[in-house]
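Let me begin by presenting the structure, written as structure tokens, before commenting on it.
The values are calculated or read from the model by the stated rules, or taken from the named source; none is laboratory data. Every value quoted in this text rests on a predicted model; they were computed, and no experiment measured them. Please note: Cβ atoms are built from the backbone with ideal geometry, for glycine as well, and neighbour counts cover all protein chains shown. Remember, those area values only see protein heavy atoms, side chains included, never the ligands or the DNA or RNA. Shrake-Rupley method; radii C 1.70, N 1.55, O 1.52, S 1.80 Å.
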Amino acid sequence: MAGERRPTSLPRLVSGWAAGGLGLVMVTLGGWWFTIGVGVMVHIGLLEFFRLAQFKGMRPATKSTLVACQLLLICTQWSDSGGLPDALAQAVLPVAGAVICGWLMLQPRTGTIADIAASIFGLFYLGFLPSFWIRLRDLNATNLAPSLADQPWPFTSGMALTLMACLMIVGTDIGSYVIGRRFGRHPLSPISPGKTVEGAFGGLACSMAIGALGGTVLAWSWGWLLGALLGALVTIFSLVGDLTESMMKRDAGVKDSGDAIPGHGGMLDRIDSYLFTPAMVFSLVTVVLPMLGEP
């Protein structure tokens, strides 16, 4: 559900398939390779976000926030791999926020509330939230995917859960488009006129079906039910991410966040649905599954 659909074209198809293939390779490799891939997308997306903010007359702490977001991703992976105490990794966000505010106050032209808000939201939106993709991919507890308990690398619970989450987002996007195009009658939100209530339910059904299948394949307790619930939450959170980016673009008066991906617009236009979902998925699988007494 990442933005409005564009007519199918060769550049769009090629770049879409290339992005999907590269994403699959990144998820499969995991570790620092996955972190580097996430870092590249975050960097491009953050530049696009600051471009939108500048269109509104804001002057965010661009360089400081770019560095802080990369440091946050690096420390998350470093902590997960055992090379850095978790407490230090968790300290990056508040310390970076304070540094960004201090930097804005030291400028010849003192920053405004809007400048601070744009900078801190950028740190949260494209630093803290994407870091949960790294945390999700680094999971290796067998009780989170019992069916993979005896499988060799790279078939870990983290890889399975990351792929499952991505597939549910893709399923939401495809289901929304197909059902919305065929049966859509009622607009979902004035923020994004191309989306309909019928399309949203189509995406919901598709994501729940993928989640139910995934929960069953991974041998969760109440696998199909818990998986379907996860699929429903993924649809809701991906929709929030999509509409949030659409709202920012509308406020800035632009159609696309950029032109980084041929035929698709900017990086933010493609990853908006992927920003709010990983924290929810990570929290659900690490909190709810153990409560259900997975073996």
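Can you tell me which residues in the range 134-153 are open to solvent by 20 Å² or more (accessible area, probe 1.4 Å) and either within 21 Å of the chain's Cα centre (by Cα) or among the aromatic types (Phe, Trp, Tyr) (or both)?
Here is the first cut: in the range 134-153, the residues open to solvent by 20 Å² or more (accessible area, probe 1.4 Å) are 135, 138-143, 146-153.
Within the range 134-153, 135, 138, 139, 140, 153 meet the criteria.
For the range 41-74, give me each residue that is within 20 Å of the chain's Cα centre (by Cα), farther than 20 Å from residue 250 by Cβ, touching a residue at least 24 places away in the same chain (Cβ under 8 Å) and open to solvent by less than 70 Å² (accessible area, probe 1.4 Å).
The answer is 41, 42, 44, 65, 68, 69, 70, 72, 73.
Is it true that some residue in the range 264-279 is in contact with a Cys (Cβ under 8 Å, 6 or more places away or on another chain) and at pLDDT 95 or above?
Yes, the range 264-279 has at least one match.
When you go through (1) closer than 23 Å to residue 279 by Cα; (2) out of contact with any helix residue (DSSP H, G or I) (no Cβ under 6 Å at 6 or more places or on another chain) one by one for residue 79, which number turns out not to apply?
Unmet for residue 79, out of (1) closer than 23 Å to residue 279 by Cα; (2) out of contact with any helix residue (DSSP H, G or I) (no Cβ under 6 Å at 6 or more places or on another chain): (2).
Counting only residues that are outside any helix (DSSP H, G or I) and open to solvent by less than 30 Å² (accessible area, probe 1.4 Å), which one in the range 237-260 is modelled with the lowest pLDDT? Before you say what the answer is, go through the steps one by one.
Of the range 237-260, the ones outside any helix (DSSP H, G or I) are 253-260.
Now narrow it down to the ones that are open to solvent by less than 30 Å² (accessible area, probe 1.4 Å): 257-258.
Numbers: 257: 81, 258: 74.
Among them, the one singled out is 258.
Consider the range 187-203. How many of its residues are part of a helix (DSSP H, G or I) and buried (at least 22 other Cβ atoms within 10 Å of the Cβ)?
Residues in the range 187-203 being part of a helix (DSSP H, G or I) and buried (at least 22 other Cβ atoms within 10 Å of the Cβ): 4 in total.
Report yes if some residue within the range 205-217 is in a loop (DSSP other than H, G, I, E, B), out of contact with any Pro (no Cβ under 8 Å at 6 or more places or on another chain) and among the polar types (S, T, N, Q); otherwise report no. Please lay out each step first, then the result.
Filtering the range 205-217 for residues in a loop (DSSP other than H, G, I, E, B) gives none.
For the range 205-217, residues in a loop (DSSP other than H, G, I, E, B), out of contact with any Pro (no Cβ under 8 Å at 6 or more places or on another chain) and among the polar types (S, T, N, Q): absent.
In this structure, does residue 212 turn out to be at pLDDT 95 or above, open to solvent by less than 40 Å² (accessible area, probe 1.4 Å) and farther than 24 Å from residue 275 by Cβ?
It is true that residue 212 is at pLDDT 95 or above, open to solvent by less than 40 Å² (accessible area, probe 1.4 Å) and farther than 24 Å from residue 275 by Cβ.
Please find, among 107, 77, the residue that is of a type in the set (S, T, N, Q) and either open to solvent by 70 Å² or more (accessible area, probe 1.4 Å) or in a loop (DSSP other than H, G, I, E, B) (or both).
107
Among 184, 180, which is the only one that is in contact with a strand residue (DSSP E or B) (Cβ under 6 Å, 6 or more places away or on another chain) and surrounded by fewer than 23 Cβ atoms within 10 Å (Cβ to Cβ)?
184
Criterion first (open to solvent by 20 Å² or more (accessible area, probe 1.4 Å), over 20 Å from residue 275 (Cβ atoms), in contact (Cβ under 8 Å) with a residue 24 or more places away in the chain and hydrophobic (A, V, I, L, M, F, W, C)) does residue 99 satisfy it?
yes
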